[in-house]
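S.K.: Okay, handing you the structure first.
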Amino acid sequence: MAQNVLMELNGVAKSFRSADGAPRLVLEGVNFSLGEGEIVALLGKSGSGKSTLLRIMAGLIPTDAGQSTYRGRGIHGPASGVAMVFQSFALFPWLTVQQNVELGLEAQGMPAPEREKRADAMLELIGLTGFGGALPRELSGGMRQRVGIARALVTNPDVLLMDEAFSALDVLTGETLRNEILDLWDCNRIPTKGILIVSHNIEEAVMMADRIIILSSGPGRIRSEVKIALPRPRAADSAEVRALIDEVYGLMTMRPVQEARTGAVAAPRPDYRLPETDVSHIEGVLDLLAGAPFNGHADLPQLAEEAELSDEELFPTYEAIGLLGLAQVEKGDITLTPLGRHYVEAEHTLRHQIFGQQLLTHVPLAARIRQRLEQEPTGTLAEEPFIELLEESLEADEAKRALEVAVEWGRYGEVYEYDFHTGRLKLPDRAAE
Ligand SMILES: Nc1ncnc2c1ncn2[C@@H]1O[C@H](COP(=O)(O)OP(=O)(O)OP(=O)(O)O)[C@@H](O)[C@H]1O
Ligand SMILES: [Mg+2]
């Protein structure tokens with residue numbers, strides 16, 4: 001399919017300075033193009049660099065290496081044909097809805113009467129008639145995001161970038177708004193030629209996009225691509241859509257084998273990063289998986305429907321369960337291991353024991369904490385040295401979160417305790433006796 005390229009990234013890399021001043025690679029070797037007539041969805045774990053990629057394309061931040069172009073020209077700052085919608089709406093609270101929408105036009109130097117006409121028309125198109133004089137705080141989240149979208153669309157952008165534009169909204173409002181955008185797009189009521197959306201929601205991506213790309217983490221690279229040839233509007237419960245959701249789930253949970261191999265060539269460093277989930281989610285998913293109708297084996301999308309948790313919460317939970325050896329996650333399916341089965345059938349005390357034992361075997365950070373505590377005559381240590389250790393390979397905030405997860409899991413598995421008043425770790429009483 002020959003199509004004109006709107007935006008193109010070639011070998012794009014970006015790193016940020018971490019707390020200790022060392023550069024940390026967030027994106028590496030990213031090649032991507034957005035063609036005319038396409039809606040592309042970008043998926044990837046939290047922290048994989050999706051927003052960074054979008055901000056590069058919007059000209060808000062420069063790249064460190066590689067080329068980024070918009071209609072063949074290098075991107076060196078915000079281009080007038082490219083508009084962005086943010087998850088946080090990013091409206092000016094002291095400006096009215098009308099003024100917020102007119103802002104982009106003002107920057108283009110458009111005279112006031114024309115600005116007003118264009119903004120009025122856009123407010124009508126996006127369902128905000130009568131709200132022009134309101135302040136953002138007087139509106140609901142859904143209405144505020146309409147303003148964010150109107151502000152982006154009023155400039156008649158060639159390319160629209162949306163960073164989790166619907167995820168701060170409740171499910172129904174998000175769905176309504178995204179259907180309205182698709183409607184405007186499919187009926188050619190907006191002149192926009194290409195849309196790139198970042199999403200955490202696999203179903204949203206499958207319902208909207210002509211193509212889905214998946215970013216791997218640490219550093220972010222484009223790992224897989226799925227083309228979707230189904231006409232829109234799509235039925236969420238059709239067999240085709242369900243099969244695609246399945247496929248994308250499979251790709252998202254796949255372990256990047258080659259990357260792990262190449263990584264092994266470099267100096268091996270224990271991976272102290274931990275999936276950010278808590279024990280209640282782990283238990284919830286395991287219990288659900290063990291019960292009817294799954295009986296130990298489930299298709300991830302089906303499990304997600306029953307779980308009443310978002311994809312954002314579920315992915316780290318699957319990762320944790322896999323890491324602890326309680327289930328196997330493969331190709332969009334999750335299956336309890338024999339130990340996992342044993343675990344869900346066990347009563348309280350035994351559950352804690354199994355959890356603790358798996359933790360010490362499979363989670364290097366937990367094993368390290370336990371080992372250091374055992375070496376201490378008092379059996380207790382401040383948390384700071386562990387945070388420092390983690391900061392050697394992680395960002396300050398990631399280090400803090402990794403330790404929080406390790407503390408929560410460790411307490412549950414009764415391999416160490418944590419005093420929230422003093423911030424000290426200690427061996428459980430049983431072992432210290
Ligand atoms: N300005 C910055 N300075 C330092 N580090 C940054 C900056 N912006 C992003 N990062 C880091 O880069 C990594 C990627 O961030 P980014 O926001 O692009 O991820 P994301 O995929 O959008 O995540 P999420 O799904 O949570 O929105 C993170 O580790 C983040 O902490
Ligand atoms: Mg983001």
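Every number here is computed from the coordinates shown, using simple stated rules; none is lab data. Given the structure is predicted, the values throughout are model-derived calculations rather than measurements. Heads up, the Cβs are rebuilt from the backbone with ideal geometry, glycines too, and the neighbour counts pull from every protein chain shown.
S.K.: Indicate the gyration tensor shape class of region 316-431 (rounded, prolate or oblate), computed on the Cα atoms with a ≥ b ≥ c the square roots of the eigenvalues: a/c under 1.5 is rounded; otherwise a/b larger than b/c is prolate and the rest oblate.
M.R.: Oblate shape, in that a/c is at least 1.5 and b/c is the bigger or equal ratio.
S.K.: Based on the mean of other beta carbon atoms within 10 Å per residue, what is the order of 238-245, 347-354, most packed first? Before the final figure, lay out the partial values.
M.R.: On the way: 238-245: 15.5, 347-354: 13.0.
Those peptides, ordered most packed to least, come out 238-245, 347-354.
S.K.: Turning to a different aspect of this structure: In what sequence do K426, K331 fall when counting other Cβ within 10 Å, fewest first?
M.R.: Working: K426 18, K331 13.
Fewest to most other Cβ atoms nearby, the residues stand as K331, K426.
S.K.: Another question, then. May I have the extent of the alpha carbons of the chain along their three principal axes, as whole Å values ordered from largest to smallest?
M.R.: 81, 50, 46
S.K.: Using alpha carbon centroids, what distance separates region 303-356 and region 378-429, in Å?
M.R.: Measuring centre to centre over Cα atoms gives 23 Å.
S.K.: Can you work out ³J(HN,Hα) from phi for every residue in region 45-62, in order, using Karplus 6.51 cos²θ - 1.76 cosθ + 1.60 and θ = phi - 60°, giving whole Hz and x for Gly and Pro?
M.R.: Coupling constants for region 45-62: 5, 4, x, 6, x, 5, 5, 4, 4, 5, 5, 5, 5, 7, x, 7, 9, x Hz.
S.K.: Same structure again: Where the centroid of each part is defined by its Cα atoms, how far is region 159-208 from region 32-107 in Å?
M.R.: Each part reduced to its Cα centre gives a spacing of 15 Å.
S.K.: Could you sort the peptides 222-228, 310-316 by per-residue average Cβ neighbour count (10 Å cutoff), highest mean leading?
M.R.: Working: 222-228: 16.3, 310-316: 18.4.
Going from most to least packed, we get 310-316, 222-228.
S.K.: As a quick test, which of the pairs K117/K193; K14/K400; K50/K117; K14/K193; K193/K400 have an alpha carbon distance above 32 angstrom in this structure?
M.R.: On the way: K117/K193 23 Å; K14/K400 23 Å; K50/K117 35 Å; K14/K193 27 Å; K193/K400 42 Å.
Flagged as over cut-off: K50/K117; K193/K400.
S.K.: Report the extension gain between E138 and Q357 in nm, rounded to one decimal, defined as 0.36 nm multiplied by the number of residues separating them, less their alpha carbon distance. The partial results should precede the final answer.
M.R.: Details: separation 219, 0.36 × 219 = 78.84 nm, distance 5.27 nm.
Length difference between fully extended and current span is 73.6 nm.
S.K.: Nearest 5 is fine: what % of DSSP beta bridges in region 279-432 come out antiparallel, could you say?
M.R.: Numbers: 13 of 13 bridges.
In region 279-432, DSSP labels about 100 percent of beta bridges as antiparallel.
S.K.: So in region 142-265, what percent of DSSP beta bridges are antiparallel if you round to the nearest 5?
M.R.: Here the antiparallel bridges make up roughly 50 percent for region 142-265.
S.K.: Based only on other Cβ atoms within 10 Å, what is the fewest-to-most ordering of I213, I61?
M.R.: Working: I213 20, I61 14.
Ascending Cβ contact count within 10 Å gives the list I61, I213.
S.K.: Still on this structure, I have one more. Would you mind checking the tilt of helix 141-153 against the longest principal axis of the Cα atoms of the chain, expressed as 0 to 90 degrees and rounded to 10?
M.R.: Taking the Cα atoms of the chain, the angle to 141-153 is about 50 degrees.
S.K.: Nearest 5 percent is fine: what portion of the DSSP beta bridges confined to the chain is antiparallel?
M.R.: Details: 34 of 54 bridges.
Approximately 65 percent, going by the DSSP bridge assignments.
S.K.: Pull out a ≥ b ≥ c, the square roots of the eigenvalues of the alpha-carbon gyration tensor of region 364-414, then state rounded if a/c is under 1.5, prolate if not and a/b is larger than b/c, and oblate in the remaining case.
M.R.: Working: a/c = 2.19, a/b = 1.40, b/c = 1.57.
Cα axes put region 364-414 in the oblate bin.
S.K.: If you don't mind, there's one more thing I want to ask. In deg cm²/dmol and to the nearest 500, what is the mean residue ellipticity at 222 nm of the chain if only DSSP H runs of at least 4 residues count, each as -39500 (n - 2.57), divided by the residue total? If you can, show how the numbers build up before the last one.
M.R.: Numbers: 17 runs with 190 residues, N = 433.
Mean residue ellipticity at 222 nm (helix-derived): -13500 deg cm²/dmol.
S.K.: For region 5-253, rounded, prolate or oblate, judged on the Cα gyration tensor with a ≥ b ≥ c (square roots of eigenvalues), a/c < 1.5 rounded, else prolate if a/b > b/c?
M.R.: Values: a/c = 1.67, a/b = 1.24, b/c = 1.35.
Note, shape of region 5-253 comes out oblate.
S.K.: Taking 8 Å as the Cα distance limit and 6 or more residues as the minimum spacing, I'd like the relative contact order of the chain as a percentage.
M.R.: Values: 724 pairs, mean separation 61.1, N = 433.
Reported as a whole number, the value is 14 percent.
S.K.: Something else: Just tell me which aspartates and glutamates come within less than 20 Å, Cα to Cα, of K426; anything on the same chain fewer than 8 places away is out.
M.R.: Within the straight-line limit of under 20 Å, K426 reaches these aspartates and glutamates: E374, E376, E383, E384, E388, E404, E408, E414, E417.
S.K.: Right, something else. Sort Y412, Y272 by Cβ crowding within 10 Å, fewest neighbours at the top. Show your work: numbers first, answer last.
M.R.: Numbers: Y412 18, Y272 21.
With the sparsest Cβ surroundings first, the list reads Y412, Y272.
S.K.: Taking the chain as a Gaussian network, where each spring joins two C-alpha atoms under 10 Å apart, which residue of D246, D183, D163 fluctuates the most?
M.R.: In this elastic network of the chain, the residue with the biggest mean-square fluctuation among D246, D183, D163 is D183.
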